[in-house]
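I have placed the structure first, in the form of C-alpha cells, so that the comments after it can refer back to it.
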Amino acid sequence: MNLKHFTKDGNIYKMKPQYGSSLVLIVGLFAMAILGYWLDILILTWMMAIFGVLALLAVTRKKLYIDMDSGEIQAKVGLAKPETHIPIESIQKFELYTVSNNLVKTNAMLNLYYLDRNGQEQSILVAQGFTTSVIQSIINEIEEILENDTTKR
C-alpha cells in the first residue's frame with residue numbers, strides 16, 4: 001500500500017498535516033495585523049493578531065487517526081470541539097464539497113458523515129484544500145486503508 005497522505009505506525013494510520021488553505025488564511029490575518037499597525041489602527045492590529053494566533057493553534061491541533069486495532073477513527077478539528085471517536089462501522093459516507101466564487105474554485109473540503117451513539121447523522125471535516133484532486137486522493141487512501149483491514153473480527 002502506497003501512502004501519500006498518511007503515515008503508518010503499526011495498525012494506526014496518522015494523517016499528515018494539510019497546511020495549504022490554512023496557511024493562506026493565517027498569513028492573511030497576520031498581514032492585516034501588520035497593515036493595522038502601519039495605519040495606526042490598533043483595534044484592527046489586535047483583532048487580526050488574536051485571530052491569527054487562534055487560527056494557528058487550531059491548525060496545529062488538528063489530527064486524524066485511523067486505529068485499526070480499536071476499529072475507530074479519532075478526529076480533532078478546531079479548538080473548541082472535543083476529540084471525536086468514530087467507530088468504523090458507523091461511517092455512512094464521505095462528501096467532497098467545493099466552494100466557487102465567480103466560477104473559480106476557491107476551496108475543497110472533505111467531510112465524513114457517521115452515526116453517533118443516538119443514531120443521528122453527524123459530520124466532521126477531515127481535510128481541506130484548493131483542488132479536488134488532492135482531496136479525492138485522500139478519500140482513495142482512506143478507503144484503501146479501511147478495505148485492507150487485516151485485523152477484521
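Taken together, the values in this text are just the output of simple stated rules run on the coordinates, not laboratory data. All of these numbers come straight from a predicted model, not from anything done at the bench. We place every Cβ from the backbone using ideal geometry, glycine too, and count neighbours over all the protein chains shown.
Can you tell me the orientation of helix 20-38 relative to the chain, as the angle in degrees between its alpha-carbon axis and the longest Cα principal axis, to the nearest 10?
Taking Cα atoms only, the helix is inclined about 20 degrees.
Explain nothing, just the number: dipole magnitude of the chain about its Cα centre with +1 on each Lys and Arg Cβ and -1 on each Asp and Glu Cβ, in debye rounded to the nearest 20.
Numbers: 14 positive and 15 negative charges, 63 e Å.
It works out to roughly 300 debye.
Can you classify segment 79-153 as rounded, prolate or oblate using the Cα gyration tensor, where a ≥ b ≥ c are the square roots of its eigenvalues, rounded means a/c under 1.5, and otherwise it's prolate if a/b beats b/c and oblate if not? Present the calculation step by step, with values, prior to reporting the outcome.
Values: a/c = 2.49, a/b = 1.48, b/c = 1.68.
Since a/c reaches 1.5 but b/c is at least a/b, the shape of segment 79-153 is classed as oblate.
Pick out which of Thr84, Thr45, Thr60 has the largest mean-square fluctuation in a Gaussian network model of the chain, springs linking Cα atoms closer than 10 Å.
Greatest mean-square fluctuation among the candidates belongs to Thr45.
In whole Å, how far is the Cα centre of segment 97-153 from that of segment 25-84?
So the separation of the two Cα centres works out to 20 Å.
GNM on the chain, C-alpha springs below 10 Å: top fluctuator among Ile41, Ile142, Ile26?
Evaluated over the chain, the most mobile residue of the options is Ile41.
Just to be sure I understand, if you calculate Kirkwood radius over Cα pairs in Å for this structure, which of (1) 29.7; (2) 16.3; (3) 17.2 do you get?
After the calculation, the listed value that fits is (3).
Once you have the Cα-Cα distance between Asn102 and Ile41, take 0.36 nm times their residue separation minus that, and quote the gain in nm to one decimal.
Working: separation 61, 0.36 × 61 = 21.96 nm, distance 3.16 nm.
My answer for the length gained is 18.8 nm.
Which entries in Lys16/Lys62; Lys63/Lys93; Lys8/Lys81; Lys63/Lys105; Lys14/Lys62; Lys4/Lys63 show an alpha-carbon gap greater than 21 Å?
Lys8/Lys81; Lys63/Lys105
How about segment 1-84: which chymotrypsin sites (Phe, Trp or Tyr not before Pro) there lie in a loop by DSSP and see at most 16 other Cβ atoms within 10 Å? Numbers along the way, then the final one.
Values: sites: Phe6, Tyr13, Tyr19, Phe30, Tyr37, Trp38, Trp46, Phe51, Tyr65; in loops: Tyr19.
Here the chymotrypsin sites (Phe, Trp or Tyr not before Pro) that fit, given the DSSP loop and packing criteria, are Tyr19.
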